[in-house]
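**Student:** There's a structure below that I have some questions on.
The values are calculated or read from the model by the stated rules, or taken from the named source; none is laboratory data. Remember, it's a predicted structure, so these values are computed and weren't measured experimentally. No Cβ is skipped: glycine too gets one built from the backbone with ideal geometry, and neighbour counts run over all protein chains shown.
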Amino acid sequence: MGMGSRAASIVAEQPRPAARSSGAPAEGPEGHVPSAGPAPTPISARSPALGHEQLRFEQLFARNPAATASVDRAGRITAVNAAMTTLLGRAPSDLVGTPLTALAHRDSRAATTEMLFVLFGAEREPRPVVVRLPGAGGREVVARLVPVPLGGGRSRADEALVVLEDLTHRIAARRERRELAARLEERELGDALTGLRNRRAMEACLRQSVAGVEAGSVAGVLVVDVDRFTMVNDSLGHATGDELLRIVAERLRGASAGLGVIGRFGSDEFLIVVGGAASVDEFAGLARAVLSAVMEPVTVHGYRLTPSVSIGIGTTTDPACSSQALLWDADVALHRVKQEGGGDFKLPPVGLRKSMAARLRDESDLRHAIAAGRLSVHYQPLLGRDGGIVAVEALVRWPHPERGMLLPGEFIPLAEETGLIVPLGNWVLNRATDQVAAWRQSLAPTLQLCVNVSAKQLMREGWSATVTDALAQSGLAPSALCLEITETALLRDLSTLAASYRELRDAGIRLAIDDFGTGYSSLVYLRDIQADVLKLDRLFVGGLVCDERDSAIVQSLIDRAHALGMKAVAEGVEEVEQARALQRMGCDLFQGFLWCQAVSAGELASRLGSANVWQRDFLDP
Ligand code: C2E
Ligand code: MG
Ligand code: MG
């Protein structure tokens with residue numbers, strides 16, 4: 001191209017501003033080069049001999065956004081374009097005449113010299129080199145020097161171009177990406193609140209520990225759950241909840257240091273994974289240490305709290321054991337601790353795995369039995385003060401093909417846990433309303449029906465429609481139905497049940513509080529709940545004759561029920577003395593083995609049809 005010398009000569013006319021950088025527009029104060037604008041005129045004005053073509057090539061050099069210098073065989077810079085002066089933050093006059101090598105940092109000079117040697121040597125293809133050099137504003141520039149030989153074929157011109165590609169941003173971006181990735185990785189495996197390992201990391205850790213368990217050693221896990229955490233969170237605020245978790249995390253970290261790997265597994269759940277313990281006793285020892293470390297009272301946001309945790313342990317000596325199975329064991333153990341009030345630890349019960357399998361089979365059996373209508377409803381009479389049958393309570397039974405007739409205690413908890421209680425309860429409701437409607441038509445026109453319902457049913461949106469549908473289908477009057485819900489369920493879920501509860505009341509259906517006295521509820525609640533019937537738990541009735549305190553309680557409960565316009569029912573009456581005492585106290589309805597157990601529909605029908613045989617057990621009919 002042969003423009004290098006001209007460029008050099010132009011630059012050599014410095015410091016006249018017009019020649020500052022090969023006809024490029026003048027830089028701004030920060031070395032900013034406007035990208036467009038009319039070509040400055042001085043060059044052609046001074047050299048009318050320069051043809052249009054040459055001017056065009058000059059501009060290609062001068063305005064090329066790639067930082068470019070031309071160098072001679074001695075490696076000296078003969079010209080620089082605007083992009084180069086901007087990049088390096090140096091004036092053209094400062095650069096022209098300087099050896100290119102001198103621009104580079106000391107550690108990059110050898111590579112630059114080598115590159116220049118090859119560039120003019122014509123023996124080999126010159127290759128770019130990456131160098132460090134001081135750039136504008138004192139920043140360090142990492143650049144790739146791309147050698148561009150001039151001339152044709154093997155004969156190389158005395159000048160060549162070197163393009164400087166600034167890699168700094170790209171490198172910074174790559175470093176940033178790498179750092180970001182590292183941070184993300186850290187965050188993904190770490191828990192933001194406590195700084196402990198998170199669930200994913202702990203699962204991996206547990207898998208590793210189990211897989212690595214050697215003969216004669218035990219691997220396992222402690223699942224640590226903060227007691228009453230939801231209560232702290234709800235009543236004292238999330239900030240206090242978070243702080244409590246941090247404190248517990250710190251204490252757990254201290255107690256398990258050197259013994260196990262700790263992480264946060266869920267909102268208020270921590271995991272401690274233990275690798276090669278000598279025996280299960282070590283797990284128990286660690287659990288004790290954790291319990292006592294956590295229990296120290298502490299002031300959090302002005303509240304004096306004594307943190308407490310429950311611990312479930314799962315252990316194995318089998319490297320093939322799945323970590324899920326271990327967690328399951330630990331969860332079951334934890335559940336038992338919680339049931340007993342928390343603040344303790346437990347190992348899973350012996351034979352747990354087997355019972356888990358059995359439980360799953362039971363669940364599937366129960367599901368099928370409900371769907372196929374293979375359950376059965378028994379009825380227990382409720383007697384009035386004159387000994388006549390006023391109502392019947394529907395009590396579900398499961399005639400099991402292998403295990404015989406199962407009582408609710410053997411499958412209702414499973415149904416509650418799995419949600420099967422909803423279809424089960426609805427089935428009982430339909431069956432019983434049909435049955436009692438039929439009895440009212442043929443045998444007992446005023447007979448009433450009591451049906452037990454679970455909080456889970458009431459919580460279903462629109463469940464009241466299920467009840468009114470059942471009534472409509474059977475033709476039973478709403479006032480003939482009384483739904484029994486246990487005191488415990490009512491107290492726990494009152495706010496969520498409120499809507500259904502109101503709808504049912506509005507439909508004219510009566511409501512009873514079942515097992516009253518077992519839920520530690522204060523009598524104040526009775527007023528708020530607005531039920532129609534209060535069923536006193538049989539625990540009180542059992543102590544009626546021999547325990548004065550029970551008598552006093554029962555008397556006050558009956559009085560309170562009456563004061564609030566409720567009927568009082570005594571459950572579990574087994575002895576004549578109890579019946580008489582209850583009657584003296586003003587109890588309205590009686591239910592118990594003294595008169596009749598829960599019996600099949602057929603048997604109850606025959607009792608409804610026969611003369612009332614129970615009157616003799618009442619003192620004052
Ligand atoms: P519950 O509603 O309190 O029913 C009374 C329970 O006490 C019945 O037990 C009944 O057989 C028993 N019982 C009655 N009189 C006496 C007595 O004199 N002595 C003794 N020791 N027990 C007596 P069952 O049938 O085993 O039912 C237990 C519980 O299962 C029921 O207690 C109820 O809470 C629940 N349950 C029964 N059927 C259903 C149902 O269809 N749905 C729901 N959600 N729960 C049901
Ligand atoms: Mg009941
Ligand atoms: Mg009851």
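**Student:** Suppose the filter is of a type in the set (S, T, N, Q), modelled with pLDDT under 75 and within 13 Å of ligand 1 (Cβ to nearest atom); does Thr488 pass it?
**Tutor:** Answer is yes for this residue.
**Student:** Does the stretch 406-421 hold any residues that are surrounded by fewer than 21 Cβ atoms within 10 Å (Cβ to Cβ), in contact (Cβ under 8 Å) with a residue 12 or more places away in the chain and either assigned to a strand (DSSP E or B) or within 10 Å of ligand 1 (Cβ to nearest atom) (or both), and which are they?
**Tutor:** Pro408, Glu410, Ile412, Glu416
**Student:** Do we have Leu511 as at pLDDT 85 or above and either of a type outside the set (Gly, Ala, Ser) or in a strand (DSSP E or B) (or both) here?
**Tutor:** In short, yes.
**Student:** Of the numbered conditions (1) part of a helix (DSSP H, G or I); (2) away from ligand 2 (no atom under 13 Å from the Cβ), Pro445 fails exactly one; give the number of that condition.
**Tutor:** Only one criterion in (1) part of a helix (DSSP H, G or I); (2) away from ligand 2 (no atom under 13 Å from the Cβ) is unmet by Pro445, namely (1).
**Student:** Here's something else I'd like to know. Taking Ser495 as the residue in question, decide whether it is at pLDDT below 80 and of a type in the set (Gly, Ala, Ser).
**Tutor:** yes
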